[in-house]
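Heads up, the thing below is written out as structure tokens.
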Amino acid sequence: MEKPSQILGVFNDPDDMTHAVESLIKNNVKVKDVYSPFPIEEVWELLKMKTRIPYLTFIYGAIGTISVFAFLYWTSVINYPLTFGGKPHNSLSFIVIMFVLTILFGVVFTLLTLQFRENLWPGVKSKMPDTRATDDKFIIVIDRKDMGNISESELEKLLKDNGADEVNEY
């Protein structure tokens, strides 16, 4: 039977996990992934992870603003202009609707982008190595082939010394 290809360090405290990631990096061990119930920015910085999702959200919001303005302008000024008390057809009443729909476009299309990017559709089997990471555990995933020149027993000792409650194989 083949050995599992990944080693998991399971932590109860996010600070312990952050310190463990620091020591793993210092020992030239490549961390494949980190799972936690909430985002931890220090870990993102340590692992040099980047995302372009905020740029896409801005683009979606800009597209929403332009399309909503074009639609409101077309319906209120070009297609069916109504004059009430001498007010101009292109009035400031557009602003509130544009603001709300800009947020709606940004949120909805960012959510769809995230689902598409991470393959999070209904019915897809979870790729999470330990489901406790959605509750209260913090998981560090290390590939056996990316351990550098450190042995498995040294890696287990390093994880335990940094506060790991469990070291499992996956």
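Points to keep in mind about this one:
Quick grid of which residues meet (1) of a type outside the set (A, V, I, L, M); (2) closer than 30 Å to ILE150 by Cβ:
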{"residue": "SER5", "(1), (2)": "yes, yes"}
{"residue": "PRO14", "(1), (2)": "yes, yes"}
{"residue": "THR57", "(1), (2)": "yes, no"}
{"residue": "ALA62", "(1), (2)": "no, no"}
{"residue": "LEU72", "(1), (2)": "no, no"}
{"residue": "VAL100", "(1), (2)": "no, no"}
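- All of TRP121, TRP74 fail the test of being aromatic (Phe, Trp, Tyr), more than 30 Å from VAL10 (Cβ to Cβ), exposed (fewer than 12 other Cβ atoms within 10 Å of the Cβ) and free of Cβ contacts under 8 Å to residues at least 24 places away in the same chain, apart from TRP74.
- Residue in region 14-24 that is surrounded by 14 or more Cβ atoms within 10 Å (Cβ to Cβ), within 21 Å of the chain's Cα centre (by Cα) and outside any helix (DSSP H, G or I) present: no
- You will find that of VAL29, VAL43, the residue that is out of contact with any His (no Cβ under 8 Å at 6 or more places or on another chain), closer than 18 Å to ARG144 by Cβ and either not small (Gly, Ala, Ser) or not assigned by TED's automatic domain parsing to the domain that holds LEU92 (or both) is VAL29 and no other.
- Candidate set from region 66-104 (those that are aromatic (Phe, Trp, Tyr) and under 30 Å from LEU56 (Cα atoms)); member that is nearest to the chain's Cα centre (by Cα): PHE99
- Of residues in region 118-135 being over 14 Å from GLU166 (Cα atoms) and among the acidic types (Asp, Glu), the one modelled with the lowest pLDDT: GLU118
- Of the residues examined, LYS157 is not one that is at pLDDT 85 or above, surrounded by fewer than 12 Cβ atoms within 10 Å (Cβ to Cβ), charged (D, E, K, R) and outside any loop (DSSP other than H, G, I, E, B).
- Count of region 26-58 residues, restricted to those that are surrounded by 13 or more Cβ atoms within 10 Å (Cβ to Cβ), in a helix (DSSP H, G or I) and of a type in the set (A, V, I, L, M), is 3.
The values are calculated or read from the model by the stated rules, or taken from the named source; none is laboratory data. Everything quoted here is computed from the prediction, not taken from an experiment. When we count neighbours, we look across all protein chains shown, and the Cβ atoms used for this are built from the backbone with ideal geometry, even at glycine.
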